[in-house]
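J.: To start, I am sharing the structure in question, which I have written as structure tokens.
The values are calculated or read from the model by the stated rules, or taken from the named source; none is laboratory data. From a predicted model like this one, the values you see are computed outputs, not experimental measurements. Note that each Cβ is placed from the backbone with ideal geometry, even for glycine, and that neighbours are counted across all protein chains shown.
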Amino acid sequence: MSLVYRSIVTVPQDHDVIATTSAVLSEWLSKRGTAGARVDFTRSGAYELSKRSRAMVLRHENRDEDITFLRLTTESDKPDGVWRTTVTAVHDPQRLDHRYIWIDMTVDPRPGISGSERLDIAPPDAVRMLLDEVPGFDGGHPLPAVPHIVRGKDDRAVQELLDSINDPARRLAIVISGTPEDMTVAGWCETMGSVLARSTGMCAGYILDAAAHEAVGRILPRGFDVPPGGVRTFLPRVDLNDPSDSLRHPRMSAQTLDTARDGDRVRAWVSLALARSVRDNALEFPLPPALHDIDALLNEEEIDAFIHDAEDDPTVPSRPSPVAASSDQQANEFIDMLRARLADKSHEANRLSAEAKRLGTRLTEQIKENERLTAELTELTEESDADREALHAARHEIAWLRRRLREEGLYRLAGEAAPPDPRRRPPHKVEDLLERITDGSNFPHLYFTIEDRDTVRELTGSRKENLWVARAWEALLALDDYARFKLEHPTSGLNFHGYLREPPDGYRAIPVRRLASRESDHVRNREKLSEKRVFKVPTEVDPSGEVPMFAHIKLDTEYGICPRLYFYPHLGPQTTNRIYIGYLGRHLPVQRTN
């Protein structure tokens, strides 16, 4: 099973976390019907909630040491897979500085569903219910279930927000939004509450009024700003003294948010994008060592409970009842001992079998992840080697040219430094990329016909956003230079694949393996799939105003979103001499995902 959600909350020692958790979880399960209402949290036990859902309660108590661990695990069979939610409450005041609640959610996807990006991941309602009832903290600061309003007239609240940003003990993200001019602070707080519903328990949300926004803006360094009417996500370990660190903390501008707003409603992709970044961060952190030990203990007790239930099976040997005395007492005692040992061995075998199954599942997941990372590392290493060779060749050429200039007596010219590169720095964020490709100044030979820009903005917030944006930018530069090459060399029959394989001098390119010149026969010959690849073009390109675009550039090879850029070259005599970009976004449906 893959871990898709995690929230770890600390609770003050003076709060009865076991009683509160029991009451909240009982209420949560009661919403599932009478079977859920019968779950008893005072002792361990297994329950059938319905034909497709089950629950198990584990309660570990040691009154001599004042220890109580409570765990509820629910398992549900859904169309996209088997979902498992585990809620654990920890009371151990002699060993831990805090009481804890942590919630994990895992899923075993159905065949054909790969990667968490294709799953509809939302926090269990129990998370919100728990955060409403317990004084939960992340590090030294509160973790509310809904966004908290910060007003500029409250200097203490502003300072607490700034302290939470810099809190070295913080594990979860902080999402801060400035209120748009056309919204009230309370209204925007309610709107952002809906937007952040998919992030509950994985971040603390804050809404700034105008005065608070101004106060925060005066203190935060340039680059770490909270855009007015936009959103800034601060991940843990913020380094305000390092300007480059600002790129690590996702920023959604007011312009981006405005395109997704309809009054007080915000389109779903914003919620998904924000949730993706905070979830990636939450899953990145392992359990603290103390909780890891508790988790291991409760996992063992779960296996024991499973085995205990299985012992009713008549095929499993069990300890015999005492037998009546007989004339051959020694023989009976020996037989009893053998039976007891056999039962012990069977019990241990079942334990080891269950543990082996669990470890086998985890090993399979780790092997798949290792294979993916190895493939990605190989690709990046090859690109790095190619870039290093190109850099070495460029340095050699520069040295040779300077030497030739000196030989010709042009000593002053040979020693001059190159002028600053007039080109703008590449974009790092999706919104920057959208702005660059729509301002008409960067790609004179490209024409963008992307109708639904939400497909592009859906890439916002991923941990790989910078990589995808960089590769999209490189691809667009290569396409623009290829169109320029064809315009300057009209008799050349070089196609884009050949151009990338051996780039002409003075023209930009990308690794040829990123190019897919066509789709598979399966995709092209099935209308349901091929129609997804029909995009708009001007009527001078095609009278119908649209053409199928099968050529595309792969911006990633990982499972999940795996973005693609689709294009249509219209180059040569009696053409517009442009390349048309029809789509940029997540991988379109193919045979495996149809």
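J.: Consider Pro79 carefully, then state whether it is closer than 30 Å to His587 by Cα and surrounded by fewer than 17 Cβ atoms within 10 Å (Cβ to Cβ).
T.: On the way: closer than 30 Å to His587 by Cα: yes; surrounded by fewer than 17 Cβ atoms within 10 Å (Cβ to Cβ): yes.
Against the criterion (closer than 30 Å to His587 by Cα and surrounded by fewer than 17 Cβ atoms within 10 Å (Cβ to Cβ)), Pro79 qualifies.
J.: Separate question: Being under 27 Å from the mean Cα position of the chain (by Cα) and of a type in the set (A, V, I, L, M) is the requirement here; does Ala478 meet it? Give the steps one after another, and end with the answer.
T.: Values: under 27 Å from the mean Cα position of the chain (by Cα): no; of a type in the set (A, V, I, L, M): yes.
The answer is no for Ala478.
J.: Shifting gears a bit: Of the numbered conditions (1) out of contact with any Phe, Trp or Tyr (no Cβ under 6 Å at 6 or more places or on another chain); (2) on the phi < 0 side of the Ramachandran plot, Glu458 satisfies every one except a single condition; which is it?
T.: Tallying (1) out of contact with any Phe, Trp or Tyr (no Cβ under 6 Å at 6 or more places or on another chain); (2) on the phi < 0 side of the Ramachandran plot, Glu458 fails exactly one: (1).
Residue-wise test of (1) closer than 21 Å to Val146 by Cβ; (2) outside any strand (DSSP E or B); (3) free of Cβ contacts under 8 Å to residues at least 24 places away in the same chain.
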{"position": "Val226", "(1), (2), (3)": "yes, yes, no"}
{"position": "Arg232", "(1), (2), (3)": "yes, no, no"}
{"position": "Asn241", "(1), (2), (3)": "no, yes, yes"}
{"position": "Ser244", "(1), (2), (3)": "no, yes, yes"}
{"position": "Leu247", "(1), (2), (3)": "no, yes, no"}
{"position": "Thr256", "(1), (2), (3)": "no, yes, no"}
{"position": "Leu272", "(1), (2), (3)": "yes, yes, no"}
{"position": "Ala275", "(1), (2), (3)": "yes, yes, no"}
{"position": "Val278", "(1), (2), (3)": "yes, yes, no"}
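J.: Examine segment 453-469 for a residue that is outside any helix (DSSP H, G or I) and under 23 Å from Pro538 (Cβ atoms), and state whether such a residue exists.
T.: For segment 453-469, residues outside any helix (DSSP H, G or I) and under 23 Å from Pro538 (Cβ atoms): present.
J.: Same structure, new question: Checking the structure you have, find out if any residue of segment 156-166 is in contact with a Pro (Cβ under 8 Å, 6 or more places away or on another chain) and either within 30 Å of Thr74 (Cβ to Cβ) or crowded, with 18+ Cβ neighbours inside 10 Å (or both). Let's see the steps before the verdict.
T.: Keep residues of segment 156-166 that are in contact with a Pro (Cβ under 8 Å, 6 or more places away or on another chain), which gives none.
Checked against the condition, which is being in contact with a Pro (Cβ under 8 Å, 6 or more places away or on another chain) and either within 30 Å of Thr74 (Cβ to Cβ) or crowded, with 18+ Cβ neighbours inside 10 Å (or both), segment 156-166 yields no hits at all.
J.: Could you tell me whether any residue of segment 402-412 is within 29 Å of the chain's Cα centre (by Cα) and in a loop (DSSP other than H, G, I, E, B)?
T.: Here is the first cut: in segment 402-412, the ones within 29 Å of the chain's Cα centre (by Cα) are none.
No, because not a single residue in segment 402-412 is within 29 Å of the chain's Cα centre (by Cα) and in a loop (DSSP other than H, G, I, E, B).
J.: Only one of these is farther than 30 Å from Gly193 by Cβ, modelled with pLDDT under 70, β-branched (Val, Ile, Thr) and outside any loop (DSSP other than H, G, I, E, B): Ile307, Ile367. Name it. First the steps, then the outcome.
T.: Values: Ile367 fails: modelled with pLDDT under 70.
Ile307 is the lone residue from the list that is farther than 30 Å from Gly193 by Cβ, modelled with pLDDT under 70, β-branched (Val, Ile, Thr) and outside any loop (DSSP other than H, G, I, E, B).
J.: On to the next question. Please go through segment 535-574 and pick out each residue that is without any contact (Cβ under 8 Å) to a residue 24 or more places away in the chain and not in a strand (DSSP E or B).
T.: Scanning segment 535-574 gives Thr539, Asp542, Pro543, Ser544, Gly545, Gln574.
J.: Residue under question is Arg457, and the condition is that it be in the same structural domain as Gly440 (by TED's automatic domain parsing), crowded, with 16+ Cβ neighbours inside 10 Å and touching a Ser or Thr at 6+ places or on another chain (Cβ under 7 Å); does it hold?
T.: Numbers: in the same structural domain as Gly440 (by TED's automatic domain parsing): yes; crowded, with 16+ Cβ neighbours inside 10 Å: yes; touching a Ser or Thr at 6+ places or on another chain (Cβ under 7 Å): yes.
Yes, satisfied.
J.: Now a separate question. Taking Arg424 as meeting all but one of (1) at pLDDT below 85; (2) in contact with a strand residue (DSSP E or B) (Cβ under 8 Å, 6 or more places away or on another chain); (3) among the basic types (Lys, Arg), write down the number of the exception.
T.: Checking Arg424 against (1) at pLDDT below 85; (2) in contact with a strand residue (DSSP E or B) (Cβ under 8 Å, 6 or more places away or on another chain); (3) among the basic types (Lys, Arg), the one that fails is (2).
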